[in-house]
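The structure under discussion appears below in the form of structure tokens.
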């Protein structure tokens, strides 16, 4: 019998839910979860300089008191790009030789479908009666992430919801399913530095004030090492992503130039201390009579870590029993919505291999989706039983 997760994944892929367009994808999930006994609440958040976003919160309380597990994920996807470049229609969910093709097949409609499929398996056997399982699903992870998981978690807290542990179904495996889980993520901050001098003729530099030597010195100063890494994190890295003058002429000294950068920082820093360090480095550069301005671009994404003991160790135990290999504990990669959930309970990212995410011809082996659903079912069953023992 085909695992219900596979058919559900196909239904989700067929909804072109490019951020923030929901296109009925949450209707599909609500229709799947409601017959399983989940109480579903739909919410649309808006404001704070971003677009409106549809969200879904589903919860099922068992007949006996017990722990509360949260599963979180997103149904929004990135645009497909040139559809003509795809081997299969990105929204058709074609299955060919045991592989399902489509945008979101890996990131991360597969994780959402697998967890829901696991809930269907467990509901059929009474396995959800010893505690509470909730799902927080947003359609705004791939872009602004302003009116999605962050506000959904704030809403849940206001309703009195408390969690013992959380799983985010993002792709986390490297080479084979279950070889890695993510127990934390580095933080992120972006900025823009503008150096303003005086325009002039390149043949008469004494009549101008070229900002380019200053921006060059700033670049060198910013690239000085920030730290050597910590127990669970690689060293913080700052990358200059653009230097622009807007100057098409080779014989004109520009008036201004701007540098943009992004920093991925570990738990040595907070957003505040890192920004203070950047300001100190800017202040330490000779401005050569130019004016230097700094602008923070977007909000700071915080760094977080879930301790490897306790619930994290238990999940690793279940994965080792299920797979025969204990997963590595990782913190690499960009930001995810787990950073919002980490404020409320320990959280890990545990999902499939992410090799084709955001690519043309995104795809996933059907067997991997079924295996992930089986693992989620095994883990939830063990989680509830362990807390009761």
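Which residue, of 253, 282, is over 22 Å from the mean Cα position of the chain (by Cα) and more than 22 Å from residue 237 (Cα to Cα)? Give the steps one after another, and end with the answer.
Numbers: 282 fails: more than 22 Å from residue 237 (Cα to Cα).
Residue meeting the stated conditions: 253.
Would you please name the residue that is surrounded by the most Cβ atoms within 10 Å (Cβ to Cβ), looking only at residues in the stretch 102-117 that are under 20 Å from residue 59 (Cβ atoms) and touching a strand residue (DSSP E or B) at 6+ places or on another chain (Cβ under 9 Å)? Outline the logic, then answer.
Applying the first criterion (under 20 Å from residue 59 (Cβ atoms)) to the stretch 102-117 yields 111-117.
After this cut, where a residue has to be touching a strand residue (DSSP E or B) at 6+ places or on another chain (Cβ under 9 Å) as well, the list is 111-112, 115-116.
On the way: 111: 31, 112: 27, 115: 26, 116: 28.
Ranking the qualifying residues of the stretch 102-117, first place goes to 111.
Look through the stretch 66-88, keep the residues that are surrounded by fewer than 22 Cβ atoms within 10 Å (Cβ to Cβ) and in contact with a helix residue (DSSP H, G or I) (Cβ under 9 Å, 6 or more places away or on another chain), and return whichever of them is nearest to residue 357 (Cα to Cα).
If we filter the stretch 66-88 for residues that are surrounded by fewer than 22 Cβ atoms within 10 Å (Cβ to Cβ), which is where we start, we get 66-68, 78-88.
If we keep only those that are in contact with a helix residue (DSSP H, G or I) (Cβ under 9 Å, 6 or more places away or on another chain) too, we end up with 66-67.
Details: 66: 36, 67: 33 Å.
Here the answer is 67.
Can you tell me which of (1) surrounded by fewer than 18 Cβ atoms within 10 Å (Cβ to Cβ); (2) touching a residue at least 12 places away in the same chain (Cβ under 8 Å) is the one residue 347 doesn't meet?
(1)
Within the set of pairs 6 or more residues apart or between chains, which connect a residue that is in contact (Cβ under 8 Å) with a residue 12 or more places away in the chain inside the stretch 325-342 to a residue that is loosely packed, with under 15 Cβ neighbours inside 10 Å and not in a loop (DSSP other than H, G, I, E, B) with Cβ atoms less than 8 Å apart?
327/320
Just checking, which of 222, 238, 226, 274 is crowded, with 16+ Cβ neighbours inside 10 Å and more than 17 Å from residue 301 (Cβ to Cβ)? Talk me through it step by step, then tell me what you get.
Details: 238 fails: more than 17 Å from residue 301 (Cβ to Cβ); 226 fails: more than 17 Å from residue 301 (Cβ to Cβ); 274 fails: more than 17 Å from residue 301 (Cβ to Cβ).
Testing whether each residue is crowded, with 16+ Cβ neighbours inside 10 Å and more than 17 Å from residue 301 (Cβ to Cβ) leaves just 222.
Within the stretch 11-51, work out how many residues are surrounded by fewer than 20 Cβ atoms within 10 Å (Cβ to Cβ) and within 20 Å of residue 368 (Cβ to Cβ).
2
So if I check each of 239, 221, which one is under 19 Å from residue 295 (Cβ atoms), modelled with pLDDT of 95 or more and part of a strand (DSSP E or B)? Break it down into steps so the answer makes sense when it comes.
On the way: 221 fails: part of a strand (DSSP E or B).
After applying the criteria, what remains is 239.
Out of the residues in the stretch 242-258 meeting the condition of being within 30 Å of residue 185 (Cα to Cα) and in contact (Cβ under 8 Å) with a residue 24 or more places away in the chain, tell me which one is surrounded by the fewest Cβ atoms within 10 Å (Cβ to Cβ). Even if it seems obvious, please write down each step before you answer.
Of the stretch 242-258, the ones within 30 Å of residue 185 (Cα to Cα) are 242-243, 258.
The next check asks that each one be in contact (Cβ under 8 Å) with a residue 24 or more places away in the chain; those that pass are 243, 258.
Details: 243: 16, 258: 18.
Only one residue tops the list, namely 243.
Go through 192, 151 for me and flag whichever is outside the structural domain of residue 332 (by TED's automatic domain parsing), surrounded by fewer than 23 Cβ atoms within 10 Å (Cβ to Cβ) and over 17 Å from residue 334 (Cα atoms).
When all the criteria are applied, what remains is 192.
Condition check: crowded, with 16+ Cβ neighbours inside 10 Å, under 21 Å from the mean Cα position of the chain (by Cα) and either modelled with pLDDT under 95 or not in a loop (DSSP other than H, G, I, E, B) (or both). Does residue 261 satisfy that? Steps first, please.
Working: crowded, with 16+ Cβ neighbours inside 10 Å: yes; under 21 Å from the mean Cα position of the chain (by Cα): yes; either modelled with pLDDT under 95 or not in a loop (DSSP other than H, G, I, E, B) (or both): yes.
So residue 261 fits the description; yes.
Determine whether the stretch 332-355 contains at least one residue that is out of contact with any strand residue (DSSP E or B) (no Cβ under 9 Å at 6 or more places or on another chain) and farther than 14 Å from residue 106 by Cα.
No: zero hits.
Pick from 33, 56: which is outside any helix (DSSP H, G or I), assigned by TED's automatic domain parsing to the domain that holds residue 162 and within 19 Å of residue 152 (Cα to Cα)? Steps first, answer last, please.
Working: 33 fails: outside any helix (DSSP H, G or I).
From the options 33, 56, the qualifying one is 56.
The values are calculated or read from the model by the stated rules, or taken from the named source; none is laboratory data. Values in this document were obtained by computation on a predicted structure and should not be read as measured data. All Cβ positions, glycine included, derive from the backbone under ideal geometry; neighbour counts span all protein chains shown.
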